[in-house]
1. For residue 82 and residue 70, calculate 0.36 nm times their separation in residues minus their Cα-Cα distance, and state this gained length in nm to one decimal.
2. To make sure I understand, if each residue's beta carbon is the centre and we count other beta carbons within 10 Å, what order do 84, 115 fall in, fewest to most?
3. Could you let me know the centre-to-centre spacing of the stretch 77-104 and the stretch 21-40, using Cα atoms, in angstrom?
4. Beta carbons within 10 angstrom, averaged per residue: use that to sort the peptides 118-126, 68-76, highest first.
5. Got a sec? How would 36, 27 order by Cβ neighbour count within 10 Å, fewest to most?
6. Which order do peptides 12-22, 45-55 fall in by mean Cβ count within 10 Å, highest first?
7. With N denoting the number of residues in the stretch 56-114, provide Rg(C-alpha) divided by 2.2 N^0.38 Å, to two decimal places.
8. Once the Cβ-Cβ distance between residue 102 and residue 41 is put in as r, and R0 is 22 Å, what FRET efficiency do you end up with, to the nearest 0.05?
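Read the figures in this text as sums done on the coordinates, not as results from a lab. If you're wondering where the values come from, they're calculated on a predicted model, not measured in any experiment. So basically every Cβ, Gly included, is an ideal-geometry build from the backbone, and we count neighbours across all protein chains shown.
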Amino acid sequence: WELPDASTLTDAHAPASLLKLWYRELYEPLIPDALYGACIAAGGDFAACTRAIQRLPAINRLVLTYLISFLQQFTAPEVVSQTKMDSANLAMVFAPNCLRCMSSDPRIILENARKEMTFLKTLITNLDTSHVQDLL
């Protein structure tokens with residue numbers, strides 16, 4: 001398997017789609033079903049979000065923190081002015097790939113989608129990820 005030369009990449013949507021696909025296709029979501037309720041209940045309460053992610057298995061917590069750190073790079077004003085992808089839009093795109101609602105009721109799925117986005121936006125906006133690079 002050979003990686004293409006990244007300097008020839010002209011479509012940013014391709015690697016972004018692959019990243020989302022990788023998270024979405026994980027056998028178990030990054031945030032396991034057992035913690036789904038705590039995460040959507042945390043909403044915009046950063047302390048509650050922090051308590052929820054502290055309950056994640058260590059590898060899930062590390063991967064989630066790294067993902068949040070990566071997404072935070074795109075929230076810089078000079079990037080947002082070009083991409084229009086602020087923290088709310090990033091949360092909207094990535095939340096379904098990190099959290100999976102187990103209900104088949106469309107009303108619950110829609111209601112929870114907003115809560116999933118709020119949870120992820122709270123992390124993107126507030127989580128201190130300065131230590132992530134030291135862990136890798």
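1. Fully extending the segment from residue 82 to residue 70 adds 2.6 nm.
2. Arranged by neighbour count, lowest to highest, 84, 115 become 84, 115.
3. 15 Å
4. Those peptides, ordered most packed to least, come out 118-126, 68-76.
5. Fewest to most other Cβ atoms nearby, the residues stand as 27, 36.
6. Descending packing order for the listed peptides: 45-55, 12-22.
7. Relative to the 2.2 N^0.38 Å estimate, the stretch 56-114 comes out at 1.35.
8. Once the sixth-power term is evaluated, E becomes 0.90.
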